[in-house]
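Worksheet: the structure to be examined is printed underneath.
The values are calculated or read from the model by the stated rules, or taken from the named source; none is laboratory data. None of these values were measured; they are calculated from a predicted model. All Cβ positions, glycine included, derive from the backbone under ideal geometry; neighbour counts span all protein chains shown. Accessible surface areas use protein heavy atoms only, side chains included; no ligands, DNA or RNA. Shrake-Rupley method; radii C 1.70, N 1.55, O 1.52, S 1.80 Å.
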Amino acid sequence: MNDPGSTVPAATRRLDPDTAGLAEAAALLRAGDLVAFPTETVYGLGADATDPAAVARIFSAKERPRFNPLIAHLPDMDAALAEGLFDGLARRLAEAFWPGPLTLVVPADPGTRVCDLARAGLPSVALRVPAHPLARVLLSEVGRPVAAPSANRSGRVSPTRASHVLDDLAGRIAAVLDGGDTPVGVESTVVACLGGVPRLLRPGGITRAALRAVLGLDPVGADPADSDHPAGPGMLASHYAPRAQVRLDATSVEPGEAVLLFGDEHPAGLAGARAALNLSPAGDLAEAAARLFGALRALDASGAAAIAVVPVPSDGLGEAIRDRLARAAAPR
Ligand code: TXA
Ligand code: MG
């Protein structure tokens, strides 16, 4: 049916990661449509960050309950520096980790093109230069900042492949640029540089130790348990949640539970599990991060009422993994 007045959403298109697909994705974004695209962390749900009507479509497609601030994505350092005011420490972090899985929250430049709605009316702006080659080409073809939260329905597990995006958003967005699996697998580390000591708002793909090595000091950590004062939707206690209940630091498995394993941990009762997946049999935290969200989706699809998760270490990328698991386990 081609009735332009139809309220039935057109089918979401899957675009190939080639020249034609990138050109189509850029044209859709420039026209104010929603396009999901791969970054090295997770798939983002992109919209023209300069266009409030386009940004508003993100909130309705995701059913994001409140108008929370979004990250503006830029193709390179110079484009990002134009949107915000960087102090010495922000500059140092940008130079060390961009392009890459770091988001910097800085005071917005008075001339920023990132619209108020994308910034939720805040005087600050969240900026990121992703390292994924498709994202970088797409962003330079769009030629404007692109607002992009993770391309999942609000509160659900973030997508690390195009099929995850379609599971949540088919019929609600114009297209998804299919770049295969995202290599990092957890979202970017969010650091606020608003004067004084930088604050770690969300652990992610850049570890606390890597930040410390560049800053020469420890960023102030946000307290993930303080759900009364969330710094944003990613800071709400319940987030990244599968349908099943999640049970952390399990040393045994109840009959019929699904199990998320790590390393050579072998919990009692494993034989009676409904499904089991190992994030990294070798105990490699980078591999575990890359597989985390896909594994949660797959174990959820097993139909188990609960997912038991064996202990995952908290060093390195383990901090971000444990943060996402704690949110998945939080009361809804
Ligand atoms: O890896 C990622 O960061 C992915 C990819 C697509 O880039 N994006 C992502 O976006 O995870 P989202 O919307 O799920 O998370 C953005 C986080 C939220 O926790 C939000 O509160 C925070 O960044 N944020 C954005 N602007 C902010 C601001 N001005 N002040 C404080 N926090 C801000
Ligand atoms: Mg998200």
Item to check | Scan of region 144-155 for residues that are crowded, with 22+ Cβ neighbours inside 10 Å and within 11 Å of ligand 1 (Cβ to nearest atom), ordered by number | outcome: VAL146, ALA147, ALA148, PRO149, SER150, ALA151, ASN152
Checklist outcome for this item: Sole miss for ASP181 among (1) of a type in the set (Asp, Glu); (2) within 25 Å of ALA80 (Cα to Cα); (3) in contact (Cβ under 8 Å) with a residue 60 or more places away in the chain is condition (2)
Checklist entry - Can you spot a residue in region 43-54 that is over 26 Å from ILE321 (Cα atoms) and part of a strand (DSSP E or B)? => result yes
Next on the checklist: Given the criterion more than 13 Å from ligand 1 (Cβ to nearest atom) and touching a Ser or Thr at 6+ places or on another chain (Cβ under 7 Å), identify the matching residue among ARG113, ARG64.
Outcome noted: ARG113
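Results for (1) more than 12 Å from ligand 1 (Cβ to nearest atom); (2) among the β-branched types (Val, Ile, Thr); (3) over 19 Å from ASP16 (Cβ atoms); (4) open to solvent by 10 Å² or more (accessible area, probe 1.4 Å), shown as yes or no for each residue.
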{"residue": "SER158", "(1), (2), (3), (4)": "no, no, yes, no"}
{"residue": "ARG161", "(1), (2), (3), (4)": "yes, no, no, yes"}
{"residue": "ASP167", "(1), (2), (3), (4)": "yes, no, yes, yes"}
{"residue": "ARG172", "(1), (2), (3), (4)": "yes, no, yes, yes"}
{"residue": "VAL184", "(1), (2), (3), (4)": "no, yes, yes, yes"}
{"residue": "SER188", "(1), (2), (3), (4)": "no, no, yes, no"}
{"residue": "GLY195", "(1), (2), (3), (4)": "yes, no, yes, yes"}
{"residue": "PRO203", "(1), (2), (3), (4)": "no, no, yes, yes"}
Item to check | region 95-123: number of residues that are more than 16 Å from ligand 2 (Cβ to nearest atom), closer than 16 Å to ARG144 by Cα and buried (at least 24 other Cβ atoms within 10 Å of the Cβ) | outcome: 1
Next on the checklist: Every residue in region 205-217 that is in contact with a strand residue (DSSP E or B) (Cβ under 9 Å, 6 or more places away or on another chain) and open to solvent by 70 Å² or more (accessible area, probe 1.4 Å), please.
Outcome noted: none
Checklist outcome for this item: The number of residues in region 61-94 that are within 16 Å of ligand 2 (Cβ to nearest atom) and in contact (Cβ under 8 Å) with a residue 60 or more places away in the chain is 12
